[in-house]
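Colleague: This is the structure I want to talk about, given as structure tokens.
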Amino acid sequence: MRIERQAAVFEGSFAVNTLGEMTAREELNQILSYMMLVMLERKRG
């Protein structure tokens, strides 16, 4: 999976793209990690 920050027009928005096959457990771990990353980014400003 890859996470990309959107352009300034969509500030605070992220796009998540899958790059290959993952098990359901790996996908869940990645999504939870990205959610934490987004929450920390928003807190940071």
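Colleague: Could you work out the helix-only [θ] at 222 nm for the chain, with each DSSP H run of four or more residues adding -39,500 (n - 2.57) and the total divided by the number of residues, to the nearest 500 deg cm²/dmol? Working shown, then result.
Modeller: Details: 1 runs with 21 residues, N = 45.
When only DSSP H runs of four or more count, the value is -16000 deg cm²/dmol.
Colleague: Full-extension gain between Met22 and Val9, please, as 0.36 nm times their residue separation minus the C-alpha to C-alpha distance. Can you show the working numbers first?
Modeller: Working: separation 13, 0.36 × 13 = 4.68 nm, distance 3.15 nm.
1.5 nm is the gain from fully extending Met22 to Val9.
Colleague: Please report, to two decimal places, log10 I(q)/I(0) for the chain at q = 0.24, 0.25, 0.31, 0.32 Å⁻¹ as given by the Debye formula with identical point scatterers on the Cα atoms and no solvent.
Modeller: Calculated log10 I(q)/I(0) at the listed q: -0.88, -0.93, -1.15, -1.18.
Colleague: Please report the relative contact order for region 2-44, taking Cα pairs under 8 Å with a sequence separation of at least 6, and give it as a percent rounded to a whole number.
Modeller: Details: 22 pairs, mean separation 12.5, N = 43.
Reported relative contact order: 29 percent.
Colleague: Moving on to the next point. What residues qualify as long-range amide H neighbours of Met22, i.e. H under 5 Å apart, gap of 5 or more or another chain, H built at 1.01 Å from N?
Modeller: Here the answer is none, since no amide H 5 or more places off falls under 5 Å of that of Met22.
Colleague: Further, regarding this structure: So how far apart, in nm, are the two label points at Met36 and Met1 if each is 7 Å from Cα heading toward Cβ?
Modeller: Calculated label separation equals 1.2 nm.
Read-outs throughout are calculated quantities, based only on the coordinates presented, and are distinct from any laboratory measurement. In this text the structure is predicted, and so the values were computed from the model without any measurement. As a convention, Cβ positions derive from the backbone with ideal geometry for all residues, glycine included, and neighbour counts pool all protein chains shown.
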